[in-house]
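Bear in mind these aren't lab numbers, they're just calculated from the coordinates by the rules spelled out. Just so we're clear, the structure is a prediction, and the values are computed from it rather than from any experiment. Here Cβ is always computed from backbone atoms with ideal geometry, including for glycine, and neighbour counts include all displayed protein chains.
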Amino acid sequence: MPQYRDDYLRNIQVLDGADARDADEGIVADEAEATEEAGAENDINTSEGTEPEIEIMADGEYNDIGPKAVDRFVARYIDIFIYLVLLAFFLSIIPGFPEDFYFYYVLLLLTVLLFPFIEAAFLHYKGRMLGKLFIGAKVCYKNGGLLSYSDALNRSFLVMIKGMGLCIPLISIFTYAHNYNKLETLRQEVSWDASLKSVVLHKKLSKVRRGVIYGLFVFIILFEIWTYLDWLFI
């Protein structure tokens, strides 16, 4: 009888061990099946156009992806000022070209129509114009590559329309305020960067350099006000 009891206990232990192994194998199988289902779901989402999140790649010293809405505004204002000065110079040497109050509106119209093409070329080849160079910023894709010319041109026109309000004063105030709130308060991407998967990278600036750049910006604002009043009272 003890021998039968010992055999019975050994059989129970063997069966318990087999059940445990079966349970472990079942858990592993369930985990593998869940992994396969998750992979299949990701494949379906990708095929339906839901793209995975792209990691933003820092580029050397350009490693700050903060919003810096004011820096971006100052850089663009400097770029447009340089463009306006050069454009005004070339228009002024055209014989018979009027230099009265309407000259100001001609400059604005040509800025809206031509500036995006020039900016797009700089963004495509260098990632920045002079204003962004001064402020230490560059535009690129989130993976670090420079924008194609078509995407750069698309971005420039979107900024001109949605960011600058076509240079129309009252509309510009609204668009600037809206995009500042989106960048600095809500910490969201502006629409043109979100649609093109682009990003503006910044490098750290010394206080002296930032002060000089902001001083230049204030000078430009005062110069433009004086020029506008001068044309207004011609």
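Structural remarks
- For the range 179-190, Karplus couplings with θ = phi - 60° (6.51, -1.76, 1.60), whole Hz, Gly/Pro x: 6, 4, 4, 5, 6, 8, 8, 7, 6, 10, 6, 6
- Fully extended contour minus Cα-Cα distance, from Y180 to S150, at 0.36 nm per residue: 8.2 nm
- Taken over the C-alpha atoms, the range 74-170 has Rg and Dmax values of 14.5, 50 angstrom.
- Backbone HN-Hα couplings from phi across the range 80-88 [Karplus 6.51/-1.76/1.60, Hz, Gly and Pro as x]: 5, 4, 4, 4, 5, 4, 5, 5, 4
- Gain upon complete extension [V85, F97; 0.36 nm per residue less C-alpha separation]: 2.7 nm
- Fraction in percent of alpha-carbon pairs per bin - 10 Å, the range 192-234: 22, 23, 27, 23, 5
- Bridgeable lysines around K203 (alpha carbons under 24 Å apart, same-chain partners fewer than 8 residues away excluded): K68, K126, K132, K138, K142, K182.
- Restricting the range 81-151 to chymotrypsin sites (Phe, Trp or Tyr not before Pro) in coil, as DSSP defines it, with at most 15 other Cβ within 10 Å: F101
- What the Cβ-Cβ distance of E189 and L110 gives, at R0 = 22 Å and to the nearest 0.05, is a FRET efficiency of 0.15.
- Values of log10 I(q)/I(0) for the range 69-232 across q = 0.09, 0.12, 0.17 Å⁻¹ run -0.31, -0.56, -1.12, by the Debye formula with one identical scatterer at each alpha carbon and no solvent.
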